[in-house]
Amino acid sequence: MTSRVYLFTCIVCPLGCTLEVEMDGDKIKEVKGYTCPKGREWAIEEVMNPKRVVMSVIKVRNGKLPTVSVKTAEPVPKAKIPELMKFLAKLEVEGPIRVGQTILEFEGIKIVATRET
Amino acid sequence: MSGLHIIQYDVVVIGGGPAGMAAAVKAKELGLNVLLLDDNEYLGGILPQCIHPGFGIHYFKEELTGPEFAYRLTKRALELGVDYYTAARVLEIKNYSDIEKVVIFSSPKGAFEVWTKTIIYAAGARERHAFEIGIVGDRGAGIYTAGEAQTLMDIYGIMPGREIVIVGSGDVGLIMARRFALEGANVKAVIELMPYPGGLARNIMILKDFDIPLYLSHKVVEVKGKNRVERVKVIKVDENLNEIPGTEFWIECDTVVISAGLIPSVKLLTNIGAEIDPATGGPIVNDLFETTIPGIFAAGNTVLINDLVDYVAEQGELAAYGAKLFIENGGIPTKHWIKLRKGENVRLLIPHYLSGERDVFIYARVKRPMENVEVRFPEIGKRLRLPIVKPAEMLRLKLRKEDIAKAKDEITMEVVPL
């Protein structure tokens, strides 16, 4: 079994604790440096299954602006992000588009417009 | 149409970003006749291009992206029937008397002379550019401020470059580092002059996410590349920010993105004699964000560079409330003004003057990072413990009316180690 240590600056609150997660293979051995339970939870999630809300822009035909800004309706596993970005880069949609409108889905994840165009 | 249109309002808000829009909405809700002006083609200021989340947690109690934050304010302004002009360039402000002011602007709809009782100035800030931070060398294509790069990418859908060096680790620079990396560009380095990062902790995380190297205590001194940027020269600096000879190295890149801070846009205010605080770069203001010219208020990044749009909008609302009080009373009522003074490890703070008539939020920045500190206001016996303070994170502290009233002429704020 290989042991690995992950270091983060916690972003749950402005305190910015330095968190340390020690892994033994794929199991968590120890979490250090947190000052609240939320921080501990976040550190574990960061190691086991890091996710991010992804935002980008999509090209628009006949819109007020040449692009519409979008976000994923929920956080996406980090490993999926490059694939999602390539998918978004190829798209072109027709205006007008409303804020909050689901433009399309990527593997069950809703892509939502955040700007009117 | 030709000639000058003459119109009349209670309050003219200059700038349609978050501060100006929040001010216009609030002023309208308070029953004032309000005109909102912005020189861009659309309202929202820089928010429509800030497509990342992290906005609105305090103001809307919900995490939004920049465009969504702007949309909510715009929608509210339109529902209330706020009069506004976009593509409107304000040429001049004139201050004839406390309740007679003139704003002259030009727009595609003609030239206008607006007679108004009050003005809320919310023109935001501009970005510091390459020449202001001592970068010399060739002037090929590929040198942008972070905001310019953001406008190109996130409004117009144009990729500014592929091999990127970011100068400055402020929030906009870090956010652009992520945007470039997500779009498949190679972000080769973030270069920071200071020994600590300039941005919020949540944005520093971005560098880790994309394995982007951060060089602290380093600066870019030269750009090479005749037609397009080809490489930049980086040098290490000592604790006094002096260059250390022999530490130079080059980074190959086609794009340099400057994220070296913002400077409040105050030209129209200084033209009519408003006093400026050299520490903030913005006007001296009282607790309703009135400048030293009676009836002219300011809010948002024009006053001081904020970390959060939520505080910018809050300041806009306060200025609108100020305008209302001013019109009703022919001035801001107070027994006497109490000066708020900078003490130990306080680099800047606002408001500069307190009336003692209301609770006040103090916005301040420290000079250097410190752990386990006490913020003290000795004249009124108020103290507050904080585990950590950083220059990158603005302090926002509430002082209560009763406490302010204990002071005679001034209140000092100091940040001292325990």
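The values are calculated or read from the model by the stated rules, or taken from the named source; none is laboratory data. What you see is a predicted model, and the numbers here were worked out from it, not measured in a lab. Every residue, glycine as well, gets a Cβ built from its backbone with ideal geometry; the counts of neighbours run over all protein chains shown. Each accessible area value is taken on the protein alone, full model and side chains, heavy atoms only, with ligands, DNA and RNA left out. Shrake-Rupley method; radii C 1.70, N 1.55, O 1.52, S 1.80 Å.
Could you list the GluC sites (Glu not before Pro) in the stretch A:1-62 that lie in coil according to DSSP, counting only those with at most 13 other Cβ atoms within 10 Å of their Cβ?
On the way: sites: A:Glu20, A:Glu22, A:Glu30, A:Glu41, A:Glu45, A:Glu46; in loops: none.
Sparse-neighbourhood loop GluC sites (Glu not before Pro): none present.
Roll a 1.4 Å probe over the protein heavy atoms and report the accessible area of B:Arg126 in Å², nearest 10.
Approximately 100 Å² of B:Arg126 is accessible to the 1.4 Å probe.
Given bins 5 angstrom wide, list per bin the percent of all Cα-Cα distances in the stretch B:68-221, short to long.
Going from the shortest bin to the longest, the percentages are 2, 7, 13, 15, 14, 11, 9, 10, 10, 6, 2, 0.
Run a plain Debye calculation on the stretch A:55-113 (Cα atoms as equal point scatterers, no solvent) and give log10 I(q)/I(0) at q = 0.14, 0.20, 0.28 Å⁻¹, rounded to two decimals, same order as the q list.
With no solvent term, the Cα-only Debye profile gives -0.35, -0.69, -1.26.
Restricting attention to the stretch B:196-272, which trypsin sites (Lys or Arg not before Pro) occupy a DSSP loop and are surrounded by at most 15 other Cβ atoms within 10 Å?
When the trypsin sites (Lys or Arg not before Pro) of the stretch B:196-272 are filtered for loop state and at most 15 Cβ neighbours within 10 Å, B:Lys226 remain.
Can you give me the angle between helix A:37-48 and the longest principal axis of chain A, using Cα atoms only, in degrees from 0 to 90, rounded to the nearest 10?
Relative to chain A, helix A:37-48 is tipped by roughly 70 degrees.
Test of understanding: in a Gaussian network model of chain A with alpha carbons linked when under 10 Å, which of A:Leu15, A:Leu65, A:Leu91 would top the mean-square fluctuation ranking?
Its mean-square fluctuation being the largest, the pick is A:Leu15.
What does the highest-first list of B:11-18, A:107-114 look like by mean Cβ count within 10 Å? All intermediate terms of the calculation are to be shown ahead of the outcome.
On the way: B:11-18: 30.4, A:107-114: 17.0.
So the order, starting with the most tightly packed, is B:11-18, A:107-114.
Give, ordered by residue number, each residue of the stretch A:95-117 whose 1.4 Å probe accessible area is reduced by a minimum of 30 Å² on adding the remaining protein chains to the chain alone.
Residues shielded by partner chains are A:Val99, A:Thr114, A:Arg115.
Two decimals is fine: what is log10 I(q)/I(0) at q = 0.16, 0.20 Å⁻¹ for chain A, from a Debye sum with one equal scatterer on every Cα and no solvent?
Scattering profile of chain A, log10 relative to I(0): -0.79, -0.96.
Let me know the mean shielding of A:24-35 by other chains, meaning the per-residue number of their Cβ atoms within 10 Å of its Cβ.
Numbers: counts 0, 0, 0, 0, 0, 0, 0, 0, 0, 0, 0, 1.
Average neighbour count from other chains, rounded to a whole number: 0.
If ligands, DNA and RNA are left out, what is the accessible area of B:Lys117 with a 1.4 Å probe, given in Å² to the nearest 10?
The value for B:Lys117 is about 80 Å².
Using a 7 Å offset from Cα along Cα-Cβ at B:Lys339, what residues in the stretch B:391-418 end up with backbone N under 19 Å from the label point?
Output list for this probe position: B:404-415.
If you average the sequence gap of Cα pairs under 8 Å that are 6 or more apart and divide by the length of the stretch B:155-224, what percent do you get for the contact order? Write out the running numbers ahead of the final one.
Numbers: 109 pairs, mean separation 23.6, N = 70.
Once divided by the residue count of the stretch B:155-224, the mean separation gives 34 percent.
When the chain is fully extended, how far beyond the present Cα-Cα distance does B:Glu239 get from B:Asn271, taking 0.36 nm per residue of separation?
Working: separation 32, 0.36 × 32 = 11.52 nm, distance 3.82 nm.
Roughly 7.7 nm would be gained on extension.
Volume per residue, Å³, of the convex hull around the alpha-carbon atoms of chain B? Don't skip to the answer; put the middle values down first.
Details: hull volume 63.9 nm³, N = 418.
Enclosed volume per residue, from the Cα hull, is 153 Å³.
What accessible area per residue comes out for the stretch B:321-379, rounded to a whole number of Å², with a 1.4 Å probe?
Details: 2630 Å² over 59 residues.
Accessible area per residue: 45 Å².
Round to a whole number: what % of the accessible area of the stretch A:3-48 belongs to carbon and sulfur, probe 1.4 Å? Can you show the working numbers first?
Values: 1530 of 2920 Å².
Carbon and sulfur together cover 52 percent of it.
Return a whole-number percent for the relative contact order of the stretch B:239-367, with Cα pairs under 8 Å and 6 or more residues apart as the contact set. Don't skip to the answer; put the middle values down first.
Working: 169 pairs, mean separation 24.7, N = 129.
Contact order relative to length: 19 percent.
Using heavy-atom solvent-accessible surface (probe 1.4 Å) with all chains present, what is the largest-first order of A:Val68, A:Val99? Intermediate values should be presented prior to the final figure.
Working: A:Val68 0, A:Val99 30 Å².
Heavy-atom accessible area, descending, gives A:Val99, A:Val68.
What are the lysines whose alpha-carbon lies under 27 Å from the alpha-carbon of A:Lys71, with same-chain residues fewer than 8 places away excluded?
Result set, ordered by chain and number: A:Lys38, A:Lys51, A:Lys59, A:Lys80, A:Lys86, A:Lys90, A:Lys110, B:Lys61, B:Lys75, B:Lys188, B:Lys208.
On average, how many beta carbons from a partner chain sit within 10 Å of the beta carbon of a residue in A:64-72? Walk me through the numbers on the way to the answer.
Numbers: counts 2, 8, 4, 8, 3, 11, 3, 7, 0.
Going residue by residue through A:64-72 and averaging, the value is 5.
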